[in-house]
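Have a look at the structure below before the remarks.
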Amino acid sequence: MSKSLEDRVIEKIKTVYDPEIPVDIYELGLIYDIKQKSENSVLVEMTLTSPSCPEAEAIPGSVELAVKELEEIDEVEVKITFEPPWEKSMMSEEAQLELGLI
């Protein structure tokens with residue numbers, strides 16, 4: 001069974017890490033939505049751990065580059081939002097364990 005495009009996009013996003021936290025941004029709960037806009041175009045809606053995150057420009061660019069590695073994707077739009085604001089409860093259990101929060 002082949003993986004859905006969304007699953008493959010998530011796999012690519014999981015290669016992007018917040019440089020300040022040793023957990024990928026997907027497990028951190030920074031990805032709010034992934035939508036296929038057209039046959040070879042996706043929209044990734046995400047947030048950052050804070051509006052003043054020092055990596056505010058680097059992380060979205062890394063997401064775009066990672067997703068564009070998929071041969072069927074020509075265009076990636078990364079939209080940053082702070083609604084709802086990110087909080088630690090958005091992290092996966094795996095991320096919380098990694099960071100010693102549970």
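The values are calculated or read from the model by the stated rules, or taken from the named source; none is laboratory data. Here the structure is a predicted model, which means the values were calculated and not measured. In this analysis, Cβ positions are derived from the backbone assuming ideal geometry, glycine residues included, and neighbour counts consider all displayed protein chains.
Some points to look at:
- Taking region 47-98 as the range and being more than 13 Å from the chain's Cα centre (by Cα), at pLDDT 90 or above, more than 19 Å from Ser4 (Cβ to Cβ) and among the charged types (D, E, K, R) as the test, the residues that pass are Glu83, Glu87, Lys88, Glu93, Glu94.
- Filter pass, Val44 being in a strand (DSSP E or B), among the β-branched types (Val, Ile, Thr) and under 15 Å from the mean Cα position of the chain (by Cα): yes
- Residue match in region 76-86 (condition: polar (S, T, N, Q), surrounded by fewer than 16 Cβ atoms within 10 Å (Cβ to Cβ) and over 15 Å from Tyr26 (Cβ atoms)): yes
- Condition met for Ser89 (of a type in the set (Ser, Thr, Tyr) and either part of a helix (DSSP H, G or I) or free of Cβ contacts under 8 Å to residues at least 24 places away in the same chain (or both)): yes
- Of the criteria (1) closer than 20 Å to Glu11 by Cβ; (2) in contact with a Phe, Trp or Tyr (Cβ under 8 Å, 6 or more places away or on another chain), which one Glu75 fails: (2)
- The set of residues from region 1-40 being farther than 15 Å from Val78 by Cβ, acidic (Asp, Glu) and outside any loop (DSSP other than H, G, I, E, B) comprises Glu6, Asp7, Glu11, Asp24.
- Residue check for Leu65: surrounded by fewer than 17 Cβ atoms within 10 Å (Cβ to Cβ) and of a type in the set (A, V, I, L, M, F, W, C): yes
- Test: residue in region 60-71 that is more than 30 Å from Leu101 (Cβ to Cβ), among the hydrophobic types (A, V, I, L, M, F, W, C) and assigned to a strand (DSSP E or B): no
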